[in-house]
4 protein chains.
Amino acid sequence: MVGYKFMGKAHSHAYKDVGLFFDLGAQVRMQAICGRNEAAVREAAEQYGWASYETDYRRLVERDDLDLIDVNAPSNVHKDIVIAAARAGKHVLCEKPLALSLADAREMLATAEAAGVKHGICFNYRFLPAVQLAKQLIDEGKIGEIYHYRALYLQDWLVDPKAPLAWRLQREIAGSGAHGDLNAHCIDLARFLIGDFDCVVGQSKTFVKQRPKPVEMSGLTAKGSGEMGDVTVDDTTSFLAQFKNGALGTFEATRYATGWKNGNLFEINGSKGSIRFNLERLNELQVYFADEEPRTQGFKTIMVTEDVHPYAGHWWPPGHIIGYEHGFVHVVYELIQSIVEDKPFVPDFSDGVECQRVLEAVDQSIETGSWVAIEDL
Amino acid sequence: MVGYKFMGKAHSHAYKDVGLFFDLGAQVRMQAICGRNEAAVREAAEQYGWASYETDYRRLVERDDLDLIDVNAPSNVHKDIVIAAARAGKHVLCEKPLALSLADAREMLATAEAAGVKHGICFNYRFLPAVQLAKQLIDEGKIGEIYHYRALYLQDWLVDPKAPLAWRLQREIAGSGAHGDLNAHCIDLARFLIGDFDCVVGQSKTFVKQRPKPVEMSGLTAKGSGEMGDVTVDDTTSFLAQFKNGALGTFEATRYATGWKNGNLFEINGSKGSIRFNLERLNELQVYFADEEPRTQGFKTIMVTEDVHPYAGHWWPPGHIIGYEHGFVHVVYELIQSIVEDKPFVPDFSDGVECQRVLEAVDQSIETGSWVAIEDL
Amino acid sequence: MVGYKFMGKAHSHAYKDVGLFFDLGAQVRMQAICGRNEAAVREAAEQYGWASYETDYRRLVERDDLDLIDVNAPSNVHKDIVIAAARAGKHVLCEKPLALSLADAREMLATAEAAGVKHGICFNYRFLPAVQLAKQLIDEGKIGEIYHYRALYLQDWLVDPKAPLAWRLQREIAGSGAHGDLNAHCIDLARFLIGDFDCVVGQSKTFVKQRPKPVEMSGLTAKGSGEMGDVTVDDTTSFLAQFKNGALGTFEATRYATGWKNGNLFEINGSKGSIRFNLERLNELQVYFADEEPRTQGFKTIMVTEDVHPYAGHWWPPGHIIGYEHGFVHVVYELIQSIVEDKPFVPDFSDGVECQRVLEAVDQSIETGSWVAIEDL
Amino acid sequence: MVGYKFMGKAHSHAYKDVGLFFDLGAQVRMQAICGRNEAAVREAAEQYGWASYETDYRRLVERDDLDLIDVNAPSNVHKDIVIAAARAGKHVLCEKPLALSLADAREMLATAEAAGVKHGICFNYRFLPAVQLAKQLIDEGKIGEIYHYRALYLQDWLVDPKAPLAWRLQREIAGSGAHGDLNAHCIDLARFLIGDFDCVVGQSKTFVKQRPKPVEMSGLTAKGSGEMGDVTVDDTTSFLAQFKNGALGTFEATRYATGWKNGNLFEINGSKGSIRFNLERLNELQVYFADEEPRTQGFKTIMVTEDVHPYAGHWWPPGHIIGYEHGFVHVVYELIQSIVEDKPFVPDFSDGVECQRVLEAVDQSIETGSWVAIEDL
């Protein structure tokens, strides 16, 4: 595994716990973790339970005791590591966004396909029971023809103007701000649930243009040093969308929605029903069915914690909720299944490419002030 | 109409508006309002739209231009006025609680029955669309056999120890405190929805035993005079209950539930479903049906504002909510229908008597520390 | 009053009830109602309590026993009636949208100003206690600098493809569909709460392009005749917006949001807090304050039913909720106050004009596929 | 560890993960798991990650490579195992309820105290961030003097009359039904949050008196065998309570609350504020403060996921929620801290005894039909 911060911890947890709850048909061995700061990566290896560590990803990919490389380092290093790993014949799981540009993403996809390895992108929210249930209902036609898709990803950690200039706020490392970090999730969920985008038009803004530099540029929590630096990514990006199936969409991602901590919300309205989801209450799905008895139609809140719900039976009895990190356990479970049974893992790098296409189309629309068709990218 | 305070205003509004929304088959004429304070009652007559006023209820009941007497003065005067009105051959609508004692309530019922007049008790919450819908669902067996009835009536206007010693806090006028004022509603709703009580055991408490006397003893809003007086009613009363149909119940009424303004809540659990209601969101009913498709079972929130819902079609389009006072309009509509068509009005004084029986059984259980059977009263 | 359908009923109720709850300094006399269908208007006069009726608005405006003309007939007749009334020296209250075009709206404003009469536009949602409270908090700086304004107006009455081709679906009568009917409210609320728009870009769609013609073209509830007609307005319109104060906005109005009956929602995020509102729970306002004690920050749900809240003290005790129609009572109260005290009424026709400008800018952006600056209209 | 079912899995997970998120000052070695069914316990050892297994707890407690014995087998075997472990000088963590009777619980407490070992009872819900925050607020006086404590524990897994006769439905194994299983949690939370009980009066009922026997009597999920057996525990128990601090309480536990999966709810009303909690949304706490600015008082929903909240900083960024099992991780963390630092662990067996006292007092009150003082047991 390459990366040992927030995502490194979440992914490590998944490898550690997956066998406790899922029948894998394989044994997970957490062989090696990799990072450039030796002291930090050594500590991470110990705390997270990795058997060894490396400080250079090139050494990691050369090791013959590894089948799978998990890449969750900052976005700007994804490309080199993923390509090296794939060329070395390793299966690869990469954090989103796949790359800093569509061109890079396409190169990564081509390389992984050429190498014949499994390639997955960690759109973890697809793997929540409530989201999987939404997918089932839509695929079964339970909400009919889709009219509207409405997505919000609302956080507020940048409202404080003294929050430091973390790597996520620097274009050369993060690629973009709320757009690539948050809209990437929303775009992928929309594609997963209702299909591909046709065209988009957007707007974005950086509300606070300078922030204190952290002493070391290595994490959200780093203290400011007093010196100011430029924020080079968007604080918020919103856009209108039209889908190939005729649905209309609205999307908004922001780190300035005071009071919202991790509100990844979507609502889908169809001719026969509606579906609502909020990540802060990820064990619940709200649905409305227009074909129920007229007197008792209403949005219902489903506790997606029963044996009949996707993944839920692997955890606890009904009503005993799961948390954010469980989505990663499901990702790892599915990825291991795809390797063990030699079947495709979805979402793969092609989904990463498609997501990147929409992200860049929105960026282009912001530059030109007009609609952009996805197929033109 | 006798009474011109909070309830006088609510009832006046109902008589004034009922014809705007309902086809009555009769013309409502607001002939006379009655109260002891001439200046106040004159002003009320003008503001509320009554054609004349009286300062003595005995003169009122003698008038031959009145068909219906509405009694919403404080509880201690209900009995005399109601009996006089019934004996004068007037139909009577009386605010709850019907009387200060079970004996009085029974006398009022007997008198009204002997006089052959329509007699109604203003349990206005029965007449909300959501409560009517709950009744329909239960009667149709949609929630099956009833296991649990859970009722709360939560207010907080007495949390402030400087709130004055209003008439509602004096036993000789109000009869009791939260018990008679709030539990009376909960008991009636339970009887309406699932049937009669079998036995009860309760507890009660007066948290703040002295309060400043108002300058005049005439309303909740009166300013304190500085002098302290004893609170002679309960601040809260809660009780366990067993129903004749085998269901178990819990009831709690309090004026010390900080943060709750007018939370009249009930939840009913049956073998096939559940129902929830909260008066602060009176346009909504929550239901759960255990026979729906397993993956998509959940509590649903019904906006009870459609044509298919009781009374709702008389008001506004779907989703355009109604307020607290609309329940009184429905009471008045039904009462006028019962007079015009000469059919019984429900709830009548016998419901007032039954409610009083349960209230007094709880009081008795508090004195004895043991369960009391309703049939022993 | 001109108009006797849904809005005619809501306005009539307001004139009838305002004196019961508000001290007006004037007597409201409901002199005359006007409509082209004599049988219908006669019945409306009787049911709603108007002393007389007219079948031609020209006769109405000539009467010298009227001070105020209330225009709530379909949108395409607003202009002629309003101009005639203003020229006759009558104060005018007009339903929204003010006119079918910006040019018409400007002419109406100019005429009313020249005539020196009070002119009001019935943006009734401004007058809800919760919305007024939101306005207070924003004006006092309680939520700081505004970053985001997010508005949705969600209904579902057109999801049924057999719903008839009502007048609201015909461009020549209604002007536009969800846009003029619903976005008009959202735009006005945004202007009221955070100020003027700078530029917009939008999208719209008509999902169901033909619908059964009603037997008579006179109401939402008319039965279909079997013959099909073209829907000539939008079923949904959404747009991105930038405000003069630097905030970004997203707006969406639709009649295809299955499950939503009358969901007029907004959320405002500022540097110090956030505010949320949903018309289906109009007695509540949700607020978040970022300067509260860190451990106990959260969105709070305020029951806007206390004496300290705008208008609420005129109605019932805390927690006793009001309904949709109460907003009209407040409009009428404020309008009467402006006449009695000879002070401006807000919102007036200039607000109608500004709303129309934004509506048309969105329409233009849809035609051109690019951003449109409001000041260019 | 003794036990390998639902609780065995939850506890195993806690030992496995605690070091990933908490700095322990010690290394957790999962040495041995114990159960009577060798095949099952061998499989559990492998799946959960225990280094060895035993089939007789007497052998387990003799092993000198164990410092701590965790007992989560069915309630009827707690006593013997715990006493053997304590006498062998092992620290002990025991699942609730501590024992089948108050006498047994007292004997276990005395034995553990005499042995000088750490003894903990696994009231895991105390250790949720939201519950810990509630405790902080109450202890700091933020909600003032306590008036009301209202607790519900609502499940619905027995509504289906074909659900099998699991061990939790047999008195000789489980001790009691909803009372010991669910009210035990509610009683402990009440004691933790507001202090000791003074007296109680209750009611209980078994709605479905016979159920199909499972083929083997070993789990909730076992299939029925066709033969019927008697349910010998309560399906529901509710009770009124008075606390030593003067507060009044209502408690209700049921497995027949259709629609509720694991609704462990409490609400506390005090003179200065209120607190609400629902286990199905365990990352949230609702609070109301009566001393906030009057216009903006309301119940606020706190996402208890920030660094300033108890335990939350050990997990994920704000808004990234945790699940049911995390409470056990906190229990294990605190227990290890108490061993490493040789300080008391709370809740210990004395809390188990106190909980048992209240449970038995309620049982006694049901037999006698009258109030029972806790101090009489």
Checklist line | Any hit, the range D:240-248, residues being in a loop (DSSP other than H, G, I, E, B), modelled with pLDDT of 95 or more, surrounded by fewer than 22 Cβ atoms within 10 Å (Cβ to Cβ) and at the interface with another protein chain (Cβ under 10 Å from one of its Cβ atoms) | finding: yes
Notebook entry, point to check: Of these, B:VAL304, B:VAL358, which one is within 19 Å of the chain's Cα centre (by Cα), more than 8 Å from every other protein chain (Cβ to nearest Cβ) and of a type in the set (A, V, I, L, M)?
Noted result: B:VAL358
Notebook entry, point to check: Taking into account only those residues within the range C:274-291 that are in a strand (DSSP E or B) and either touching a helix residue (DSSP H, G or I) at 6+ places or on another chain (Cβ under 8 Å) or basic (Lys, Arg) (or both), which is farthest from the other protein chains (Cβ to nearest Cβ)?
Noted result: C:PHE277
Notebook entry, point to check: Within the range D:67-84, is there a residue that is loosely packed, with under 14 Cβ neighbours inside 10 Å and either within 14 Å of chain A (Cβ to nearest Cβ) or touching a residue at least 24 places away in the same chain (Cβ under 8 Å) (or both)?
Noted result: no
Notebook entry, point to check: For the range D:117-145, how many residues meet the condition of being on the phi < 0 side of the Ramachandran plot and within 11 Å of chain B (Cβ to nearest Cβ)?
Noted result: 2
Next item on the list: Could you tell me which of the residues D:ALA163, D:ALA151, D:ALA99, D:ALA134 is assigned by TED's automatic domain parsing to the domain that holds D:GLU252 and part of a loop (DSSP other than H, G, I, E, B)?
Entry: D:ALA163
Notebook entry, point to check: Looking at A:HIS91, A:HIS119, which is the one that is touching a helix residue (DSSP H, G or I) at 6+ places or on another chain (Cβ under 7 Å) and surrounded by 24 or more Cβ atoms within 10 Å (Cβ to Cβ)?
Noted result: A:HIS119
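Let's see how each residue does on (1) among the hydrophobic types (A, V, I, L, M, F, W, C); (2) within 14 Å of chain C (Cβ to nearest Cβ); (3) crowded, with 18+ Cβ neighbours inside 10 Å; (4) outside any helix (DSSP H, G or I):
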site: B:TYR147; (1), (2), (3), (4): no, no, yes, yes
site: B:VAL159; (1), (2), (3), (4): yes, yes, yes, yes
site: B:GLU172; (1), (2), (3), (4): no, no, no, no
site: B:GLY180; (1), (2), (3), (4): no, no, yes, no
site: B:ILE187; (1), (2), (3), (4): yes, no, yes, no
site: B:SER204; (1), (2), (3), (4): no, no, yes, yes
site: B:GLU227; (1), (2), (3), (4): no, no, no, yes
site: B:PHE251; (1), (2), (3), (4): yes, no, yes, yes
Notebook entry, point to check: For the subset of the range A:262-273 comprising residues that are surrounded by fewer than 22 Cβ atoms within 10 Å (Cβ to Cβ) and within 12 Å of chain D (Cβ to nearest Cβ), which member is farthest from A:LEU189 (Cα to Cα)?
Noted result: A:GLY263
Check: Picking from D:PRO317, D:PRO294, which residue would you name as being within 10 Å of chain A (Cβ to nearest Cβ) and out of contact with any Leu (no Cβ under 6 Å at 6 or more places or on another chain)?
Finding: D:PRO317
Next item on the list: State the number of residues belonging to the range B:340-364 that are aromatic (Phe, Trp, Tyr) and outside any loop (DSSP other than H, G, I, E, B).
Entry: 1
Margin query: Against the definition (under 21 Å from the mean Cα position of the chain (by Cα), more than 22 Å from B:ASN76 (Cα to Cα) and more than 14 Å from chain C (Cβ to nearest Cβ)), how does B:PHE349 come out, yes or no?
Written below: no
Item checked: Looking only at the range D:105-116, and only at residues there that are surrounded by fewer than 22 Cβ atoms within 10 Å (Cβ to Cβ) and assigned to a helix (DSSP H, G or I), the one that is nearest to the other protein chains (Cβ to nearest Cβ) -> D:ARG106
Next item on the list: Tell me, please, whether a residue that is among the hydroxyl-bearing types (Ser, Thr, Tyr) and surrounded by fewer than 19 Cβ atoms within 10 Å (Cβ to Cβ) can be found in the range D:345-354.
Entry: yes
Checklist line | One residue from C:ILE336, C:ILE322 being of a type in the set (A, V, I, L, M, F, W, C) and assigned to a helix (DSSP H, G or I) | finding: C:ILE336
Item checked: Selected residue (only one of B:LEU248, B:LEU265, B:LEU279 is assigned by TED's automatic domain parsing to the domain that holds B:GLN132 and either more than 21 Å from B:TRP157 (Cβ to Cβ) or of a type in the set (Asp, Glu) (or both)) -> B:LEU248
Next item on the list: Considering each of D:ARG168, D:ARG150 in turn, give the residue that is over 24 Å from D:ALA247 (Cβ atoms), touching a residue at least 40 places away in the same chain (Cβ under 8 Å), in contact with an Asp or Glu (Cβ under 8 Å, 6 or more places away or on another chain) and not aliphatic (A, V, I, L, M).
Entry: D:ARG168
Note to self: Which residue is surrounded by the most Cβ atoms within 10 Å (Cβ to Cβ), if the candidates are limited to the range B:8-37 and must be more than 14 Å from chain C (Cβ to nearest Cβ) and touching a strand residue (DSSP E or B) at 6+ places or on another chain (Cβ under 8 Å)?
What the structure shows: B:CYS34
Check: Taking the range A:124-145 as the search range and keeping residues that are surrounded by fewer than 19 Cβ atoms within 10 Å (Cβ to Cβ) and of a type outside the set (S, T, N, Q), which one is nearest to the chain's Cα centre (by Cα)?
Finding: A:LYS135
Check: Quick one: is D:VAL92 under 23 Å from D:LYS16 (Cβ atoms), among the β-branched types (Val, Ile, Thr) and modelled with pLDDT of 95 or more?
Finding: yes
Margin query: Against the condition facing chain A (nearest Cβ under 9 Å) and under 24 Å from the mean Cα position of the chain (by Cα), how does C:ASP198 come out, does it pass?
Written below: no
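The values are calculated or read from the model by the stated rules, or taken from the named source; none is laboratory data. Since the model is a prediction, treat every value here as computed from it, not as a measurement. Note that each Cβ is placed from the backbone with ideal geometry, even for glycine, and that neighbours are counted across all protein chains shown.
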